[in-house]
1. Using a 1.4 Å probe on the protein chains only, how many percent of the accessible area of the chain belongs to carbon and sulfur?
2. Calculate the dipole size of segment 60-211 relative to its Cα centre from +1 charges on Lys and Arg beta carbons and -1 charges on Asp and Glu beta carbons; express the result in debye to the nearest 20.
3. Considering only Ser221, Gly150, Ala474, whose Cα is most displaced toward the positive end of the charge dipole of the chain, charges sitting on Cβ of Lys, Arg (+1) and Asp, Glu (-1)?
4. Roughly how many debye, to the nearest 20, is the charge dipole of segment 392-537 about its Cα centre, given +1 on each Lys and Arg Cβ, -1 on each Asp and Glu Cβ, and no other charges?
5. For segment 21-86 and segment 332-405, what is the centre-to-centre distance using only Cα atoms, to the nearest Å?
6. Roughly how big is the chain's charge dipole about its Cα centre, with Cβ charges of +1 (Lys, Arg) and -1 (Asp, Glu), in debye to the nearest 20?
7. Convert each backbone phi in segment 159-168 into a coupling constant with the Karplus relation 6.51 cos²θ - 1.76 cosθ + 1.60 (shift: θ = phi - 60°), then list the ³J(HN,Hα) values in order as whole Hz, x for Gly and Pro.
8. Show which aspartates and glutamates lie in cross-link reach of Lys110 when reach means a straight Cα distance below 13 angstrom and same-chain residues fewer than eight apart are skipped.
Amino acid sequence: VINTIKKVVDKERLFDSIWTSLEELLKDYDKSEIKRINLSTTVSTNAIVEDKTSPVGMIIQSGPGINNDFSSCKAQIEEITGYIDHRGVIVESLDLVEVQRALDAFKKQKISSCAVVSKFSTRNPKNELSIGKILDKDFGNISLGHRMSGKLNFPRRVYSSYLNAAVYGTFKDFSTNIKRSLEKEGVKSPIYILKADGGTMDIKTAEKMPVETILSGPAASFMGISAMLPTEEDAILLDVGGTTTDIFFLADGVPLFEPLGAQISDYKTLVRAIYSVSIGLGGDSAVSVEDASLKIGPRREGRPFALGGPKPTPSDAMIYLGLMDVSEDLAKEKAKEAMELLADKLNIRAKEVAERILTTMAEIIKKKTDQLLIKINSKPVYTIGELLHGKKVKPKNLYLIGGPARVLSPLLEKQYDLPCHFPANFAVANAIGAALAKPTMEITMLADTSQRILSVPELGVYEKIPKNYTLDRAKAKARELLKSYALSAGLKEEDFESEITEESSFNMVDGFYTKGKNIRVKAQIKPGHILKLRSDN
C-alpha cells in the first residue's frame, strides 16, 4: 500500500469531494502507471434504504397461476394480459393497446425510468423485447427482467428489475462524477465497480445494471479482510464503521452466500451476494441514557461531540480514554464534556461511562452474531461454490477491520473468548479489498432439445441446437460464452477462472414418450483476489 487518504463526503458537492480526494491521493505519483481503478460505493444501497430513488413505471405480465402481490413495490405498476409458458411458448399474444395505455400513464406521471417483466421471459424474452422497443422512444432507461438474472424466481426478478430502474439515475450521477474527476486528473485507466458477490464489473456494465452494486460496501469489507488475514477455518468477520457494523461468516474459510439473492430493505432480489448483515452500531452512533441505561445507536446524528457533533458517541469515549488520536486540544476537552454529560445522568464517573460505552458495543455485536449463528445453523449452509450438507458453523477466530478495530479488539476477544485479529491497514481495509478484487460474472444457460433452442438470458443469446444436444456440450458452450463475454467486458486472460456451479438434465415426457431433454447450466467466473496481503496483528 503506497498511499491512503480518508475524507468526509459532501453529498451536495459530490464532484468536488471525489476530485479533491483523487488530487491528494495521486499527488507526486506517475498516473500513467495506474492499470485499473476499482471502486466500492454505497450510493445505490443508500438511495434504497433512505427512500431517495427515482419514480419507476413497471409493466408486469404475470399470466395464469399464483397471484403475486407487488403492492410493496413503490412503482406505478401496469398489469397486462398475454403470457408465455414455462417452456418459452407464447400461449397468448401481447396486447399492444394495453402497452400503449401503460406508456401514456407513465408519460402523464413524468416518469423517466421503466421496468418490464414477463413471468417466463428467461425462457423466451420476445414480449419483454417488444415492449422495451415501444418504450425506448419515450424513456431513457428501461430495465428488462430477463437481463437481471437467468433464474426463474418471478417475484425476485420483479423486485430486481424495479430496483435497477429506481437507482439508475443515482448511480449514473455518481459514475459521471467519477469519470469527470478522473478526466480532470488525467487518469485514463479502466474503471471497475465492486459487486455484492465480491467481484467487479466495468463501469459501462454497472451503469446498465446498477442493482448489481447494492451491498458493494460490505463486499469490499469482506474482500479486504480475506485479502489481509488468513481465513481457513470457520470464522466471524466484522467491519465496524462510523454508522454501521457489517457481519460476515466463513465456513471452512469460504464466505457464506445468499443462495437465492440479496435482500435490501424490504426487497428480495436475484443479485448474487456474500451473506452479510448490517446493524446500526458504529463509532459515530448517538449515545443516550434511557431508563438509567446506556443506549447506543441505531442512528447516527452527526459527527462526534468532540468534533462539533450534537450528541456523545463511542468515538468521544475513545478520544477521552486516549485510544483515538485527535490533534486539537479542544476536541479532547469536548470529549470529556460529552462523557460528563452522560455521567451526570448515570451518577457514575466519566471514565467509567467511557469504558462502559465500549464494553456495551462489544456486547451488542456478540449478541447479534449469536442470534445470526442460530439462524444460519438451522438451515442448509451455502458457500459461494456449493451447499455444505450437514455443516454447522462453529467460529474459531474473529477478524476485525474499521476505524475502531484496534480499540475494540481486546473487548471483543473477551466477549467471544476467541482470538481476535486485525490487519495493519485496518482503517482502509475495505478500500484495499476493492482494489484487490477480480472481475466476475455469471451466466445461466437453458437448452430445450424438443424445441431445439439454447438460451442465455443475461447475454441475449438464443440459438438453434440439434435434438441430440448433451449436458457435456452445454457445459463446454457455457464456459466458451462466459469467456467471450468476460474478455469483451475488459477481463484479462490471466484473470479468467471459470467454474460450473449448477448443472441438471431432465427428460421431458409427453404421455408415454420422451420428447427431449431440459438442460440447465450455470457458469461463473470465480470471485477472488488479484493477490493477497498478509499483515495480521
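The values are calculated or read from the model by the stated rules, or taken from the named source; none is laboratory data. Quick caveat, the model's predicted, so the values are computed rather than measured. Neighbour counts are summed over all protein chains in view; Cβ atoms, including those assigned to glycine, are modelled from backbone coordinates with ideal geometry. With ligands, DNA and RNA removed, areas are computed over all heavy atoms of the protein, side chains included. Shrake-Rupley method; radii C 1.70, N 1.55, O 1.52, S 1.80 Å.
1. 50
2. Value, rounded to 20: 400 debye.
3. Highest projection toward the positive end goes to Ala474.
4. About 240 debye.
5. 31
6. Dipole magnitude for the chain comes out near 1200 debye.
7. 5, 5, 5, 4, 5, 4, 5, 5, 9, 4
8. Cross-link targets: Asp138.
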